[in-house]
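Bear in mind that the values in this text are calculations on the coordinates, not laboratory data. Since we're looking at a predicted model, the values are computed, not measured. Please note: Cβ atoms are built from the backbone with ideal geometry, for glycine as well, and neighbour counts cover all protein chains shown.
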Amino acid sequence: MMQPTAEPFVVEVWGKLAGVVLKEGSAFRFHAVAPPFRELDGAEFAIPGLARLAAARLDPHTRDGGRSFGSASHSASSLPL
C-alpha cells in the first residue's frame, strides 16, 4: 500500500476546482474532480505547476480566447501550494 509522502496540491483554474495533485514516487499525479479536467485524470507531471498549466489549457475560458493563457497560468500559479 502506498503511503502519502506529502500534502495534496489543490489545482484551481479561474476559481474552479480542477483537481488535486499527489506526490507518487518521483512524479506528481493529477486527480480530476470536475469536467473538463477529467481528461487529465491520472496524468503524471514532473512538478505540480505543470498540472496547473495543463488544466488551464482545458478550461473553456482559455480555449475560446475569452482570457489569455498567460493570465490563466499566472492566476493558477499564484495559489499557495
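Residues that are surrounded by 15 or more Cβ atoms within 10 Å (Cβ to Cβ) and within 11 Å of the chain's Cα centre (by Cα) within region 17-32 comprise ALA18, GLY19, VAL20, VAL21, LEU22, PHE28, ARG29, PHE30, HIS31, ALA32, listed in sequence order. Got a sec? Which of GLY25, GLY15 is touching a helix residue (DSSP H, G or I) at 6+ places or on another chain (Cβ under 9 Å) and either of a type outside the set (D, E, K, R) or touching a residue at least 12 places away in the same chain (Cβ under 8 Å) (or both)? Going through GLY25, GLY15 in turn, just one is touching a helix residue (DSSP H, G or I) at 6+ places or on another chain (Cβ under 9 Å) and either of a type outside the set (D, E, K, R) or touching a residue at least 12 places away in the same chain (Cβ under 8 Å) (or both): GLY15.
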